[in-house]
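Read the figures in this text as sums done on the coordinates, not as results from a lab. On a predicted model such as this, the values are computed, not experimentally measured, just so you know. Glycine gets a Cβ as well: all are built from the backbone with ideal geometry, and neighbour counts include every protein chain shown.
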There are 2 protein chains.
Amino acid sequence: MNLRQLSEQLGLSQTTVSRALNGYPEVSEATRLRVQAAAKAANYTPNSRARKLATGRSMAIGHVIPLSGKEELVNPIFADFITGAGGVYAREGYDLLLSMVPLEGVEDAYRQMATNASVDGVMVQAPKLDDPRIALLQDLELPFVVHGRTAEPAGYSWLDVANARAFRRATDLLLDLGHRRISLLNGQETLDFALRRRRGFEEAMAARGVPVNPAFMHSAAMTEQYGHRTASALLDQDDAPTAFLVSSIITAIGVRRAAGERGLRTGRDISIICHDDVLSYMANDGINAPEGPAFTATRSSIRAAGERCAEMLLALIDNPSQPPLQELWETDLSLGRSTGPAPS
Amino acid sequence: MNLRQLSEQLGLSQTTVSRALNGYPEVSEATRLRVQAAAKAANYTPNSRARKLATGRSMAIGHVIPLSGKEELVNPIFADFITGAGGVYAREGYDLLLSMVPLEGVEDAYRQMATNASVDGVMVQAPKLDDPRIALLQDLELPFVVHGRTAEPAGYSWLDVANARAFRRATDLLLDLGHRRISLLNGQETLDFALRRRRGFEEAMAARGVPVNPAFMHSAAMTEQYGHRTASALLDQDDAPTAFLVSSIITAIGVRRAAGERGLRTGRDISIICHDDVLSYMANDGINAPEGPAFTATRSSIRAAGERCAEMLLALIDNPSQPPLQELWETDLSLGRSTGPAPS
DNA sequence: TTGAAAGCGTTACCAA
DNA sequence: TTGGTAACGCTTTCAA
């Protein structure tokens, strides 16, 4: 059953039927009801391909996931974010087009999405300090929203959490608890959010006049191995850190393992504050069951960010001329068993 | 630049240009080359929407990910599988349509994909013993391939690993190492693969005449918490298990934690064999750095399965009348530090 | 080997 | 408020 058949059956023109079904105002209420009833009875659904051709819109949003070998979709942030965004797309009648490509193919993927107009907009995740994707998408005139931001976050739409502030507060808390030898296990500092976190840490330390030991600051892809190796080395030296500020729960699990191997109990002998609990389902609601530290990026907050970013993107698509949308989200700080006063 | 403009510029008909570009045989080689050169020079790309309307194909594959609250895309198996499949789709000119819906909305998602023909086929992951999706998709006449299989794996296309055999071999190995008190921490046994694994375990035990302690067999969603809680309880009792056979590395991490809390060293006091190392990047190449047990479902094998499933699906779409494709993959067994002889 | 023209099923413009 | 009709840009059938 297509539009022509339905309109013939009703004795109306295709135009009128189309208008009735699409909520155009200029159709009388009586015919609208009649048309809607007939459509329902006939189980009519408009052909999406024809509609896309006619409107020139593809009713799809593109997500391009770079496969760096380490991060990719397995990155639970990506997954939770997409979950949130996907729900909004579905509700608004948009499809989610997922493109997983090697790191070096990302730009081509966007280019292709633009040239064959297979999407109406794209989402950008995990931006670097100066991310080439931004300029490319502006150049391609493809509407986009960034989860996170770059060093120069002007002229485009983004949503980010206040990373610097979050790490400042976490550092303050550790200092309040008497810790002085604090180690920062950060993510790759080519990523914008990692640098902001580091700045927050350094600012808080400086504000109290506590010197930062450069050997205590590390930056790498946030694997468990990284946490285990780095913490192992640090804990084996004299004047080892009494606290760790860790950027990802995966890495924190490695830290916890290193501590356990040395007979150190978290929350007593060493303290851990972890930025996210996005793997809570995996790591037992934090890094120390059952009340681990959950700080900043809970799973539900990541999902909420995905939802909001999707809404922003759809709004942008509906009205491309509007100014960029930018939102900065504050975070909560909640602590569990892994964090305690500095041992004397 | 569209087809009409290109054809006018060339002084040819749209028909000929279309044929030349799409590799139809009835066009002379001379004109084909001329057309291709002109298309390239003009940077012409066919409008995908128009092509889809004309051909009636959507050139897209659907993946529906149920959000059960626990598993979802975060499930690294899903992510790695999609990565592999996505690469094949891209190479063959297909889009990947991702639909993440609550568990109860899965069937509607498929129905919708079928009625508005937004995809040419769908992929099915993690089937239950008797999975309703199979009958539904057959009913909707939507081509599909299943990663895994059901209890009655006939009449549809699937690709699976030999789960029973894998667990039989792992159990044999533990028995050879002198273990008698072996615990199986399985996934949810409503999932087909979990039941096959259990059968493999039980068969191996029975073949040696070693009684299975029912209290040593557990089945649940494969979280870290599950591994930690269950192993904690088991290790605290008399005649605790000396070995654990675990269905997922996430759960194995919990087991390792429980062991560590009791001063037990894996590979010496207790042994762990884990089914997959899909989180290897996260758990340090296995559950005990650096040479953990990697057994069966390596990340790359999951990705390869995704690739093969995608190829099967595209073949099915090209030729819907062909008989179902079915592949059973054998697995390797490799061990690391977590596995050792039974303590005397 | 090439071309004209009829779809594909909508939406949207312009008249009535 | 309704209808006729021209897009939308391609593929495909039928003729030449």
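Per-structure values
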read-out	value
Longest to shortest principal axis, alpha-carbon extents of segment A:60-137, angstrom	32, 30, 20
Cα-based radius of gyration of segment B:184-225 once divided by 2.2 N^0.38 Å, which approximates compact folds	1.19
For B:I65, distant residues with modelled amide H under 5 Å away	B:S99, B:M100, B:V101
Low-density loop cleavage sites - GluC sites (Glu not before Pro) in segment A:295-344, where at most 16 other Cβ are within 10 Å (DSSP)	A:E330
Pairwise centroid distance, computed over Cα atoms, of segment B:218-254 with segment A:139-164, Å	43 Å
Rg over Rh [alpha-carbon atoms, Kirkwood Rh] for segment A:154-234	1.01
Inter-probe distance in nm under a simple model that places probes 7 Å from Cα toward Cβ, at B:A304 and B:R180	3.9 nm
Rounded tilt (10° steps) of B:249-261 against the dominant C-alpha axis of chain B	30 degrees
Whole-Hz couplings from phi, Karplus 6.51/-1.76/1.60, listed for segment B:4-14; x for Gly and Pro	4, 4, 5, 5, 5, 4, 8, x, 10, 7, 4
Ranked by how many other beta carbons lie within 10 Å on average, peptides A:106-116, B:29-39, B:215-225 from highest	B:215-225, A:106-116, B:29-39
Ranked by how many other beta carbons lie within 10 Å on average, peptides A:269-276, B:263-270, B:246-253 from highest	B:246-253, A:269-276, B:263-270
Dipole of chain A [Lys/Arg +1, Asp/Glu -1 at C-beta], most positive-end residue of A:L191, A:I253, A:H218	A:I253
Debye equation applied to the C-alpha atoms of chain A, log10 I(q)/I(0) at 0.11 Å⁻¹	-0.77
Calculated FRET value between A:T15 and B:Y24, using beta carbons and R₀ = 35 Å, to 0.05	0.45
Other copies of A:E26: label-to-label distances in nm, shortest first, labels 7 Å along the beta-carbon direction	4.3
Segment A:1-66: C-alpha gyration tensor shape, a/c 1.5 cut-off, then a/b vs b/c	prolate
Segment A:141-228: relative contact order as a whole-number percent, Cα under 8 Å and 6+ apart	30 percent
For chain A, calculated [θ]222 nm from helices alone, where every DSSP H run of n ≥ 4 adds -39500 (n - 2.57)	-13500 deg cm²/dmol
FRET E, pair A:D269, A:A233, Förster distance 22 Å, beta-carbon r, rounded to 0.05	0.80
B:D139 versus A:L129: modelled label distance in nm, points set 7 Å from Cα along the beta carbon direction	5.8 nm
Using alpha carbons only: equivalent-ellipsoid semi-axes of the protein assembly as shown, gyration tensor based, whole Å	48, 33, 23
Relative contact order [Cα under 8 Å, 6+ residues apart], chain A, whole percent	17 percent
Long-range amide H partners of B:L96 with built H, under 5 Å	A:L98, B:I61
C-alpha long axis of helix B:163-176 to longest principal axis of chain B, angle in °	30 degrees
Average beta-carbon neighbours from other chains, 10 Å sphere, peptide B:260-272	1
Cubic angstrom per residue, convex hull over Cα atoms of segment B:108-207	97 Å³
Inter-site label distance for B:R262 and A:E261 at 7 Å from Cα along Cβ, in nm	2.2 nm
Hull volume in cubic angstrom per residue (convex hull over the Cα atoms of segment A:1-152)	144 Å³
